[in-house]
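Written below as structure tokens is the structure these notes are about.
Derivation of every value follows stated rules applied to the coordinates shown; laboratory data play no part. Worth saying up front: this structure is predicted, and the values here are computed from it rather than measured. Cβ placement follows ideal geometry from the backbone for every residue including glycine, while neighbour counts extend to all protein chains displayed.
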Amino acid sequence: MPVTKADLDKRFDHHPPSNNDVAKTHEIMREAFKELASHVVAWVPEGREQSLALTALEEGLMWSNAGIARHQ
């Protein structure tokens, strides 16, 4: 199936929160990922593994917030 302009718009346009509940959901996700990241920093020795774990959490947060924003 070809990628349409609407598909690209949904992927790349800014999706501001439509209401305070959506904005609060974004904040809840950020805080949850930040808390988990603090555990990674506290318990995983510095090095490649810690760095990759933090990168994976950043990616997870970005995809989570994209899903919230795109489907509100």
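Which count do you get for residues in the stretch 12-48 that are surrounded by 11 or more Cβ atoms within 10 Å (Cβ to Cβ) and in contact (Cβ under 8 Å) with a residue 40 or more places away in the chain?
5
Can you name the residue in the stretch 23-72 that is in a helix (DSSP H, G or I) and β-branched (Val, Ile, Thr) and is also nearest to Ala6 (Cα to Cα) among such residues?
Within the stretch 23-72, the match that is nearest to Ala6 (Cα to Cα) is Ile68.
Suppose we filter the stretch 51-70 for residues that are farther than 21 Å from Val22 by Cα and loosely packed, with under 15 Cβ neighbours inside 10 Å; how many remain?
Residues that pass the stated criteria total 4.
Would you pick out the residues in the stretch 1-33 that are under 17 Å from Trp63 (Cβ atoms) and small (Gly, Ala, Ser)?
Of everything in the stretch 1-33, just one residue is under 17 Å from Trp63 (Cβ atoms) and small (Gly, Ala, Ser), namely Ala32.
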